[in-house]
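Since the structure comes first, as structure tokens, the remarks are kept for the end.
The values are calculated or read from the model by the stated rules, or taken from the named source; none is laboratory data. If you're wondering where the values come from, they're calculated on a predicted model, not measured in any experiment. Every residue, glycine as well, gets a Cβ built from its backbone with ideal geometry; the counts of neighbours run over all protein chains shown. In case anyone asks, the SASA skips ligands and DNA or RNA and just uses the protein heavy atoms, side chains included. Shrake-Rupley method; radii C 1.70, N 1.55, O 1.52, S 1.80 Å.
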Amino acid sequence: MRTYAQQNPVDPPDRPGWVDGIDNPYLHGPYTPVISEVTAVDLDVAAGEIPADLYGAYLRNGPNPVLAPRGLYHWFDGDGMVHGVYFRDGRASYVRKWVRTRALHDEIARGKVELSGIMGPFDLSRVGDGELAVNPDYCKDTANTTLNYFKGKVLAQWYNAGRVYALDPLTLDTIGEETFGGALHTTLNAHPKVDPRNGDYLDYDYGDFKSYLTYYVAGPDGRLKHTARIDLPGPRLPHDTTFTPNYTILHDFPLYHDVDVLRRTGHRVVQFHRDQPSRFGVIPRFGTQEQVRWFEFTPGYVLHMVNAWEEGDWIVMDGCFQPDPTIRRDPAEGILGSMLAYLRYKGHLRRWRMNLATGEAREEQLDDLNVEFCLPDTGLYGVKTRWSYHQRIPTDLQTLAFDALVKYDHERGSREVYEYEAGWYPSEAPFARSTRGGEEDSGYVVTLATNVMDYRSEAWIFDARRITAGPVCRVRIPARVAPGFHASWVPGRELWGERPPGH
Ligand SMILES: [Fe+2]
């Protein structure tokens, strides 16, 4: 197994002192937490020119712990830090700030971390039997996973279903907890979807205790307008969702933990039940539990879907499928073995079809590359898209990282691959539509990358129609950026209004 330390065993100087005493690969090398917030304008360009028709913000979330963790540190436990690279008129600026979560606020006040991370152990005495999704009461909730623009705010959300934090999209200051008009009383899953056609916000809550999943829709006025309780056979670990103009697709995969073991031991022990199917539940956008149509497929697991759409009676959905998500610990990795194994991904691009008239289910593997972090033009979520942009993940590296950018053409069934230069750790790369309009792939793909040899960081801009040519522009970020989780693109019209004519 390769490690980044084979490239550079020396940690960057801008690190909190406590990491030196903790042997965990997600606290060292490129993953070393940074110690500062930054605001910088008119960034230098290392190569090329910032395209004049790139107008908007690349936003990326990720873990960046302030204080030493309580117990074992999992990469999902680090305090959320949000990076924004803003592009306008051929110039760029950079802002990064921590999400001021309830947990971080309390830790700064007390000078220490009191809640366990997701590896536990958990103090379940604080949890009532009949409560919905109570994870933040016994497990640190960091808002470090995703960012989604909704109604003038950026919402930071967490992997394990957490509180929703609203941020100012330009300053990245935390405004406060988002409750959708005071109506939301639970946590929400990290991957909401916003329908670009009417502004509906779709998400669900899940937890270790009944009812296991609750589906929500908030309207473009920012108010919650639909709630549906969805009973599952037990606690599950859904991570994403997709939607079409009329339906939302919910997940039930046979990768989950036993709640009795959790209660007895204080630890979640996740197992793959290969004798049970993967299930997708198709619910009308404002549907109830009785209206969910469940479709069964090959057992496995999916973290992220690409997109879904309707074709007649069929729902068509693409995603990155893991046929064998068994968590295989490497004994040499000791007590961190489960976490490290969980984060080592093996999967491929797959298509599922569900017929709402006949109940027929079909699935097919579309490719064999080990890809994840898959995004279409998110302005086209819910309708058929031709292209999507993925990260290729090496299978022989100890930690999760990306080694190539892959563009799929779903009409031709082909792909293009750009291999990143060795030593660079890029981030998820969303598509940014050109202000000049044009074809579906007329625009750019943007990422943030850090070099493990000298720890310099850059924003890379690819022409989406020629990703194999490499970045058309490399913008210097005047601070080190640690790798993280999800990125999104916010069009400039949402931040600054429609671009003036002539641009
Ligand atoms: Fe995710």
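For this structure, a couple of remarks:
- Single match in Val306, Val269, Val282 (criterion: open to solvent by 60 Å² or more (accessible area, probe 1.4 Å) and aliphatic (A, V, I, L, M)): Val269
- Boolean, Ala482 is among the small types (Gly, Ala, Ser), in a loop (DSSP other than H, G, I, E, B) and touching a Pro at 6+ places or on another chain (Cβ under 7 Å): yes
- Of all residues in the stretch 475-488 being away from the ligand (no atom under 16 Å from the Cβ) and farther than 16 Å from Asp89 by Cα, the one that is surrounded by the fewest Cβ atoms within 10 Å (Cβ to Cβ): Pro478
- Any hit, the stretch 103-111, residues being open to solvent by 10 Å² or more (accessible area, probe 1.4 Å), in contact with a helix residue (DSSP H, G or I) (Cβ under 8 Å, 6 or more places away or on another chain), at pLDDT 95 or above and among the hydrophobic types (A, V, I, L, M, F, W, C): no
- Within the stretch 168-215, if we keep just the residues that are aromatic (Phe, Trp, Tyr) and either at pLDDT 95 or above or farther than 17 Å from Trp158 by Cβ (or both), the residue that is surrounded by the fewest Cβ atoms within 10 Å (Cβ to Cβ) turns out to be Phe209.
- Test: residue in the stretch 452-471 that is open to solvent by less than 10 Å² (accessible area, probe 1.4 Å), within 16 Å of the ligand (Cβ to nearest atom) and either under 17 Å from Leu369 (Cα atoms) or hydrophobic (A, V, I, L, M, F, W, C) (or both): no
- Taken as a whole, the stretch 55-75 holds no residue that is assigned to a helix (DSSP H, G or I), among the aromatic types (Phe, Trp, Tyr) and surrounded by fewer than 24 Cβ atoms within 10 Å (Cβ to Cβ).
- Qualifying residue in the stretch 407-421 (condition: aromatic (Phe, Trp, Tyr) and touching a helix residue (DSSP H, G or I) at 6+ places or on another chain (Cβ under 6 Å)): yes
- Those strands (runs of 3 or more DSSP E) lying entirely in the stretch 153-243 with at least 2 residues more than 16 Å from the ligand (Cβ to nearest atom) and within 21 Å of Asn307 (Cβ to Cβ): 212-218
- Some residue of the stretch 309-327 being of a type in the set (Gly, Ala, Ser), open to solvent by less than 10 Å² (accessible area, probe 1.4 Å) and within 16 Å of the chain's Cα centre (by Cα): yes
- Sub-9 Å Cβ pairs linking a first residue in the stretch 81-105 that is without any contact (Cβ under 8 Å) to a residue 40 or more places away in the chain to a second residue that is open to solvent by less than 10 Å² (accessible area, probe 1.4 Å), at least 6 apart or interchain, are Ala103/Asp79; Ala103/Asp141; Ala103/Thr142; Ala103/Ala143; Leu104/Asp79; Leu104/Gly80; Leu104/Thr142; Leu104/Ala143, ordered by first then second residue.
- Annotation: Ala133 fulfils all but one of (1) modelled with pLDDT under 70; (2) more than 21 Å from Val269 (Cβ to Cβ); the unmet one is (2).
- Those strands (runs of 3 or more DSSP E) lying entirely in the stretch 397-450 with at least 2 residues under 17 Å from Gly470 (Cβ atoms) and in contact with a His (Cβ under 8 Å, 6 or more places away or on another chain): 404-409
- Residues located in the stretch 389-436, provided they are under 17 Å from Tyr58 (Cα atoms) and of a type in the set (Ser, Thr, Tyr): Tyr389, Tyr425, Ser427, Ser434, Thr435
- Of the residues examined, Val41 is not one that is among the aliphatic types (A, V, I, L, M), open to solvent by 20 Å² or more (accessible area, probe 1.4 Å) and touching a Pro at 6+ places or on another chain (Cβ under 9 Å).
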